[in-house]
Amino acid sequence: MTESEAKQPPRASAPKVHPRSHGRFSIVWLIPLGAALVGGWLAYRTISEQGPSVTIAFETADGLEAGKTKILFKGLQAGIVDAVHATEDLSSVVVYATLIKELKPHLNDGVRFWVVRPEISLTRVSGLDTLVSGDFIAFQPGTGTPTRTFKGLDKPPVEAGDAKHRKFVLRTETLGSLDRGSPVLYRGVTVGEVSGYTLPDDDKPLTVDIVVHDPHHKLVRENTRFWNASGIKFNMGDLFDASLEVESLKSLLEGGIAFANPAEPGPAAKPGTAFALLDEKPAKPRSAKDGLALVLKSANLRSVKAGDPILYREFQVGTVVEVGLDAEATSVDLKIVIEPDYAALVETNTVFWNASGINASFSLFSGASIDIESLRALLDGGIAFATPDQGGRAVKPGAVFTLYDRPKEEWRAWAPHIRLHKDSPTGTGAAAKSDSGAGAKSDTGTVSESPVPGDSQATGAARDGGDAAATELSGLPTSVTLPGHVTTAVLESQLRDLGYANIGAIEKSGAIIHLHADWQGKPLKLRIDSRDGAIQATGR
Amino acid sequence: MSAAPATAMERALVACHSCELLCQAPRDPDGPRGICPRCGAAVEQRKPNSLARSWALVLAAYILYVPANLLPVMTVVSFGKAESDTILSGVKALIASGDWPIAVLVFLASITIPVAKLLALTFLLISVHLKSRWDPKDRTRLYRMIEVIGRWSMIDIFMISILVALITLKNIATVQAGIGAICFAAVVIITIFAAQSFDPRLIWDVLEEGKDND
C-alpha cells in the first residue's frame, strides 16, 4: 500500500467545496409518483369512459367485423364490435361489443339489435350508406329487466323507436304477397306498414303485425275493416261487369293492407287490438244511413246472393246485403238496402219477388211461357218489387216482407206516381210521394229548396226515413252534409234528420255555426263547421 | 494483487466529469459537495444517489409503459371514419397490409427495445443491490448497449409527429396523436435518464470491496 501511496500524482487539484443540500427523501422519487398519478388518472379516465360490454347473438356474422363494425343509435355511434365468435355448437354467432357508457342505464331485455345491410327491392332502397361504411348494428332502446346478453334480430323492427306509432294485429289464413314493410293504406294513402308476421305451430290463423304511424292511427277504430290489398283483383263477375282493382302500384308490387271504416266509426282502437284480415275489399259497408234497410223472407234462397240487385222496373234501386237463415231456420232472410233516393218506392203493401233465372211454365192449354226479368237478372239473379197504386204507407226500416218466387201478372201493371228527390243533399230518405202517400205531407218536400225559415214542416215526409235512420245510430253523428247555400231551415232539417231534436237558436260566426240541440235526450252544444259539415258536440 | 493498479477511489482521487481534471475527492461523501476548480462542475466519486434515481425513473417508466401500450398512440380520421391504433394494433395492421419490414422495425423500436431496456436496467439495479459478482464485464457491456439503443425507441414518436404534421387534409384524412404516444415518449425519455443516472462503476465497486476483504 505504501508503494501505491507513493505513486500519488503530484498535481491533484483540491476541489472547492459546496454545501450539500441533504434530505432523507430524494426529490427523484417524485418522478415515479407523478408517473403513477398520470397513469392512475389515465386508467380512471379510460375505465370511466369504457361503456358496458354486451353480447348479442346473431344468426350470421355476415358483414360483421371485429373492431370495425359499429353500433349506431339514430345514426350516432353507440358502440363497436370487439369480437365475433361462433357459438360452441356452431349454430349461430355471438358478437361481443362495447357500447358507450351513456347507454349503460338503457340496457334491458326490451332493447333490440339488428344488422343494417343494404336492401334493394322493387319499391325501396334502404341502407345504401352501408355500402360505403360497411354493415352496422342498429340499436333500439326498450323497456324491461336489465341484461347484458341480447338476441339480435334478422330484420329491423319496423316501429323503430317511435312510441307514438301504434301496433295492431291482423289474423289471416294466408299471407299472400304480404311481407315485412308492405304498406298499410287508407284510401290509397300509406299510413303504416307491416312490421312482421308469425306463423303459429298449429292450424290457427297467421298473425300479421302492423304499425300505423302517428297521426293516422286515430283512423283505426274498433269496427275498422282490414283487407288484403295485394296484387290485382280481376272480377269477371258477369258479362257486363268485369273490373280490375288495384289498390296502388306499390301494393301491387309488394303487397299491402288496406282498411276502411264503416259509416259509423266506433271508438278508436286500442294498441294491439286484433282484427280479421279479409281476403278482399268488403262490399261498401252498408248501414241504415245508406238507405232503407228491409228484410225479405223467402222459403228458399233460389240463387239469390249478397250483392244481387234490387230492381224496380228492371232498374237497380238497391242491393241484397246479406243472406242467411232466420233464427228458427224456418225461412231464408235476405237483408236488403234500398238506395235513399228510391226509398219512397217501397210502401207497406209492396210486393217482392225473385227475379233470378228463368221461369218457364208449360201448360197444355196456354202453351209455354218463358219469363225472364232481364238478361242481367238472368245472369245475376236479383229481386224485383212493385208497389200498388193505392193504399200503401211509408215503411219503417227493418220492415219484413215476403219474397215471392214469381210475380203475379197484375203486379207488373202497377204504376204509382212516386216523386223521387234525387237531388237531395242529405241522402237520407229524401223522397216524398206526391199522389197518395199517407206518410207524405207535402209535395215540395225538398230540403235544399226551402230557404224560408219555419218551412221545416215541408220536410216532414223526408224525415220519415231520416228519423228512423238516426235512431239506429250507435254514436253521435259527427258530420252533416250541407248544400252550398245553407239556410237556417236547411240546417235545422238536416240536424233533425240526423236525430237531433229540440234545436235552439242558430248563431253564425263566420264559417262556424253554434247552436243548442238535444240528442237522444241529452242536451248538447253543437259547433258546426259550415265548410265541411263537421260537428263538434259538447255537453251543455 | 500487485498487478492490479490502485483505483482512483483508493487514492481518494476523482476526475471531473466535465473537464476530466483530476481532483482530490472530498473527504466526507456526505459532507459538502466538491466543485471542480477549473470548470465548476460537481465533482463526485460516484454519481450521487445513482441507485435511488435509477430506481425511481425505472419505476416511473414501468408505470407509464402500461398506458403507452393500452391507449391509442394515433388516430387516423379518413373520410369521417376514425380509427384508433395502439402500438400493437398498428403493428398488426402493418402485418395485415403486408408491410413486413416496417412492422418489424416498429415492433423492435416500440416494443422490444423499451422492454429490453427496462428489463436490463432492472437487472443491473438488482444485481448491484445484491452485490452480485457475476460477470461484471458483460453487465457493463449491457449497460453500454442500453445507453446506445435507448434513443432508437423515439422512432415511433418521430414518425407520429411527422404524420400528424404532414397529414392534415381536413375531411379526407387527418392524423391525431393519441395519449398513448405521450406516455410512450415519456417512457423512452425517462428510460434514457434512468440509464444515464445509473453509474456503471457501481458494478465494479463490489469487486473492489471484495479485494479489500481478501
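Values in this text are rule-based calculations from the coordinates and carry no lab data. This structure is a prediction, so every number in the text was calculated from the model and none was measured. Counting neighbours? That spans all protein chains shown, and the Cβs are built from the backbone with ideal geometry, glycine included.
The C-alpha atoms of chain B define a longest principal axis, and helix B:50-70 lies at about 10 degrees to it. A crude spin-label estimate for the pair A:E328 and A:E410, with each label 7 Å from Cα along the Cβ direction, gives 3.1 nm. Taking every alpha-carbon pair under 8 Å whose residues sit at least 6 apart, chain B reaches a relative contact order of 28 percent.
In this structure, A:H516 and A:R117 have a Cβ-Cβ separation that, at R0 = 60 Å, corresponds to a calculated FRET efficiency of about 0.45.
Summarising the label geometry, the points placed 7 Å from Cα in the beta-carbon direction at A:N261 and A:D62 lie 4.2 nm from one another. Using the Cβ-Cβ distance between A:A299 and A:T538 with R0 set to 45 Å, the FRET efficiency from 1/(1 + (r/R0)^6) comes to roughly 0.30. Relative contact order of region B:75-147: 19 percent, from C-alpha pairs under 8 Å at least 6 residues apart in sequence. How far is helix B:87-96 tilted off the main Cα axis of chain B, in degrees rounded to 10, range 0 to 90? The angle comes out near 50 degrees. Here r is the Cβ-Cβ distance between B:A82 and B:L207 and R0 is 60 Å; the resulting FRET efficiency, rounded to 0.05, is 0.60.
Within chain B, the cysteines lacking any other cysteine Cβ closer than 4.7 Å to their own Cβ are B:C23, B:C183.
With a cut-off of 17 Å on the backbone N, the residues of region B:153-189 near the modelled label site 7 Å out from B:I111 along Cα-Cβ are B:153-157, B:181, B:184.
Distance from the C-alpha centroid of region B:161-197 to that of region A:184-234: 60 Å, rounded to the whole angstrom. Given the pairs B:K92/B:K137; A:K74/A:K151; A:K101/B:K81; A:K270/A:K305; A:K74/A:K104, which are separated by over 28 angstrom at their Cα positions? Result: B:K92/B:K137; A:K270/A:K305 exceed 28 Å. Quick one: work out the % antiparallel among DSSP beta bridges in region A:53-151, nearest 5. Of all bridge pairs located within region A:53-151, approximately 85 percent are antiparallel. Extending 7 Å from Cα along the Cβ direction at B:K92 and again at B:S18 yields two label points whose distance is 5.1 nm. If one takes the longest principal axis of the Cα atoms in chain B, at what angle in degrees, from 0 to 90 and to the nearest 10, does the Cα axis of helix B:201-213 lie? The helix B:201-213 is inclined about 30 degrees to chain B.
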